[in-house]
Each structure stands twice: as structure tokens, then as C-alpha cells.
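In what follows, a structure is listed as C-alpha cells, so that the remarks can point back to it.
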Amino acid sequence: MELTPDDTTVFAWQGIAINATIFNTWLVMALLTGISVLITRNLRPDVPPNRWRTTLEVIVRGIEGQIEEITRRPSRPLLYFTGTLFLFIVTANLLTVVPGFRPPTASLSTTAALALAVLVAVPLFGIISRGLGGYLRTYIEPSVVMLPFNIISEFTRGISLAIRLYGNIMSGAVIAAILLGVAPFFFPVVMDMLGLLTGLIQAYIFAILATVYISSATAPVPPDPTKTAKDQT
């Protein structure tokens, strides 16, 4: 039994083996891009929205509302980043109902890449919001002693994101394969339903945690009480 789509080779191109993880990742990206282009191709004020455009707007508004509830401030660039993460993960997980499709999120390489994207995005958003000096000062708050602990915390966040997503998706595939051998007509249907629910929840958790990490790095710097007291005197 293959536990990861990395073990399945779809085709070879110029001597380079393209496994199921890479191929299905491209497939999900092409699907999301194609759907977005088809829905928004007539995006004009004089054209009334159809049901597909309305559905897309509801999804985007829902993601935007969740972000604003966490950050307590409008953040359109954050919507582009975490919204894309959520849509990619949830689409990849929901496509497990398609026979023969192996979700790329069941590969540790994919989840590690997504976690690495979050690790890179956190300091980038922080520097844009606070400036380089302001962001670097967060590593020595509340004192310089906390510097190594804050650095370790940044890396453990990424590791926990990758392992959490990979473990849940991979374990679901393993359990489904075991139950398929026990009762091939009943349990797979149940596991597919549970897999869809788990995939949706994991996409939501990943996007929420990414939003929380970036929000903490871009939070407004509180005023220094010593400076405030001096200004009042």
C-alpha cells in the first residue's frame, strides 16, 4: 500500500519523473485558475452577476470576514495569501472523491512547502507593516533573553503546520485503505464522507493559523508607557 502520492509516477518528461504529488498539484492549480477565469471573464458593472459569480463572491466575502474577525482590521493582501492557501488545500482535499485522485496534501513535501510559504510570509508582512527595525525588535520582546526562544518558536510553527496537515490527510487515506479490505462496499463511502469533512476542517485550521501568525507579526506596536509619561510631563 502506497502511503504517499510521491511513490506514484504519472509520467516522465526528459528523464524527469513526474509523480502524483506534482501532477495533482498542477491539476488543482489549473482547476482553480480555470474556474476563476471562466467566472470573472465578464466581470463588468453593467453585467448582472450569475449564480457562479455570486457563489464565488460569497466564498471570498466569507474568507475576508474570517480574516477581519482575527485581525480586527481590513487586510486585503492577507486575503490574497491565506485565501489562496485555503482554496488550494480545500480543493485538493475535496477532490479525493474522484477515483484515482491522490491529494497532494497527503505528501509531506507539499505540506512542508505550504508551511515554508507561511514562514516566509510572516516576516515579509511584518517588515511591510512595522518596518525592518520594528519587526526585528519583536524577537527581543519583552527582553533580549527571549531572542533564541522567539526564533525557535518561528520554526516550530512551520513544523507543526506541516505535520498537522500531512498527518490528518495521510492517516485518513490509510484508514480508508484498511477498511476497504474489510468491507469494500460500506466503509469506503463512510470514510469518503469523513475524509471530506476532515479535509475541509484541516484547510480551515491551516488558513486560520497562518492568519493568526501573520496578524501577530503585523499588529500595531503599543505605545511605550515611559515615553507617554514623559510627553505628559
List every residue pair whose Cβ atoms lie under 6 Å apart, where the two residues are 6 or more positions apart in sequence or sit on different chains, the first residue falls within the range 184-211 and is part of a helix (DSSP H, G or I), and the second residue, located anywhere, is modelled with pLDDT of 70 or more and not hydrophobic (A, V, I, L, M, F, W, C).
Gly195/Thr96; Gly199/Asn93; Ala207/Thr82; Ala210/Thr82; Thr211/Thr82
In the set Leu119, Leu147, Leu87, Leu136, the lone residue that is of a type outside the set (Val, Ile, Thr), part of a helix (DSSP H, G or I) and under 17 Å from Ala203 (Cβ atoms) is Leu87
Confirm whether Thr71 is farther than 30 Å from Ser216 by Cβ and either at pLDDT 85 or above or surrounded by 15 or more Cβ atoms within 10 Å (Cβ to Cβ) (or both).
no
Yes or no: Leu114 surrounded by 13 or more Cβ atoms within 10 Å (Cβ to Cβ), within 15 Å of the chain's Cα centre (by Cα) and modelled with pLDDT of 85 or more?
yes
Going by the structure shown, is Phe155 modelled with pLDDT under 90, in contact with a Leu (Cβ under 8 Å, 6 or more places away or on another chain) and part of a loop (DSSP other than H, G, I, E, B)?
no
Taking interchain pairs and intrachain pairs at least six residues apart, which have beta carbon atoms under 8 angstrom, with the first residue in the range 101-125 and at negative phi and the second modelled with pLDDT of 90 or more and not hydrophobic (A, V, I, L, M, F, W, C)?
Phe101/Asn24; Arg102/Asn24; Pro103/Asn24; Pro104/Asn24; Pro104/Thr25; Thr110/Thr25
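The values are calculated or read from the model by the stated rules, or taken from the named source; none is laboratory data. Since the model is a prediction, treat every value here as computed from it, not as a measurement. Don't worry about glycine lacking a Cβ; one is built from the backbone with ideal geometry, like all the others, and counts go over all protein chains shown.
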